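**Q** Can you keep this structure in mind? I'll have questions shortly.
The values are calculated or read from the model by the stated rules, or taken from the named source; none is laboratory data. Bear in mind the structure is a predicted one, so any value in this text is a computation, not a measurement. Ideal geometry is used to build each Cβ from the backbone, glycine not excepted, and the neighbour counts take in all protein chains shown. To get the accessible areas, we keep the full protein, side chains included, count just its heavy atoms, and leave off ligands, DNA and RNA. Shrake-Rupley method; radii C 1.70, N 1.55, O 1.52, S 1.80 Å.
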Amino acid sequence: MVTSSPLDRQAVHEELERARTTFHRLLDDADKDDLRRRTEGTRWTNEQLLFHMLFGYILMRPLLILPRIFGRLPRGVGRGFARLLDAGTRPFDVVNYLGPVGGARVLGRRRMGTVLDHVIAFLHQRLDAEREADFARAMPYPTRWDPFFHDVMTVADLYRYPTQHFDFHRAQLTLADKGR
């Protein structure tokens with residue numbers, strides 16, 4: 001499935017860099033008590049929510065592969081896959097909650113910053129290598145998994161997704177400086 005969806009590459013590069021810089025500032029400015037504090041509107045601590053924000057970027061590798069596969073198949077196959085994923089929302093929600101609980105412990109604040117640097121570098125490289133036609137490749141997505149997933153998403157939409165996710169959750173942090 002291919003739709004028309006122009007993308008301003010430079011704007012996405014700037015969004016990625018803004019998020020990377022903000023993430024490092026959040027990590028650098030927070031002390032242990034800040035990181036252990038509960039967030040607003042989630043069951044996570046600030047450190048766990050920061051990991052979840054990072055994970056939104058980590059997920060980009062598989063998310064960018066899916067439209068290349070399902071975008072070449074009949075639309076019904078993609079819709080079926082999206083419905084199957086939507087049907088698995090409850091187990092996804094459990095994993096989505098527990099992942100940051102463990103991930104924050106395993107990585108810790110310093111490695112979270114390093115991982116984000118690597119992922120952002122990959123996204124910059126990948127964004128520059130995309131052909132214009134690739135941005136329009138699309139597939140159905142499981143809308144119950146994330147408020148930023150739409151019924152059909154293009155590769156261009158996916159490049160904007162992790163920073164939308166990041167900005168949304170940044171507002172839930174209870175750190176003195178939310179990286180603004």
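**Q** Would you pick out the residues in region 51-79 that are under 8 Å from the mean Cα position of the chain (by Cα) and not aliphatic (A, V, I, L, M)? If you could, list the steps in order and put the result at the bottom.
**A** Within region 51-79, the subset under 8 Å from the mean Cα position of the chain (by Cα) is 53-60.
Once the filter is applied, which keeps residues that are under 8 Å from the mean Cα position of the chain (by Cα) and not aliphatic (A, V, I, L, M), region 51-79 yields Phe55, Gly56, Tyr57.
**Q** Let me ask you something else. Can you name the residue in region 72-107 that is open to solvent by 80 Å² or more (accessible area, probe 1.4 Å) and not in a helix (DSSP H, G or I) and is also modelled with the highest pLDDT among such residues?
**A** Pro74
**Q** Do you know which residues across region 1-30 are part of a loop (DSSP other than H, G, I, E, B) and open to solvent by less than 80 Å² (accessible area, probe 1.4 Å)?
**A** Met1, Thr3, Ser5, Leu7, Ala30
**Q** Moving on to the next point. Select from region 108-146 the residues that are open to solvent by 70 Å² or more (accessible area, probe 1.4 Å) and either in a loop (DSSP other than H, G, I, E, B) or touching a residue at least 40 places away in the same chain (Cβ under 8 Å) (or both) and list them in ascending order.
**A** If the condition is that a residue be open to solvent by 70 Å² or more (accessible area, probe 1.4 Å) and either in a loop (DSSP other than H, G, I, E, B) or touching a residue at least 40 places away in the same chain (Cβ under 8 Å) (or both), then Arg110, Asp128, Arg131, Arg144 are the ones that fit.
**Q** So for region 163-172 (the condition being in a loop (DSSP other than H, G, I, E, B) and more than 28 Å from Gly76 (Cβ to Cβ)), does at least one residue qualify?
**A** Taking every residue of region 163-172 in turn, at least one turns out to be in a loop (DSSP other than H, G, I, E, B) and more than 28 Å from Gly76 (Cβ to Cβ).
**Q** Which residue pairs have Cβ atoms under 9 Å apart, sit 6 or more places apart or on different chains, and have a first residue in region 46-64 that is under 11 Å from His165 (Cβ atoms) and of a type in the set (A, V, I, L, M, F, W, C) and a second that is modelled with pLDDT of 95 or more and not in a helix (DSSP H, G or I)?
**A** As it stands, the answer is Met53/Leu173, since those pairs meet every condition given.
**Q** Yes or no: Pro62 open to solvent by 20 Å² or more (accessible area, probe 1.4 Å), of a type outside the set (D, E, K, R), under 17 Å from Glu130 (Cβ atoms) and outside any helix (DSSP H, G or I)?
**A** no
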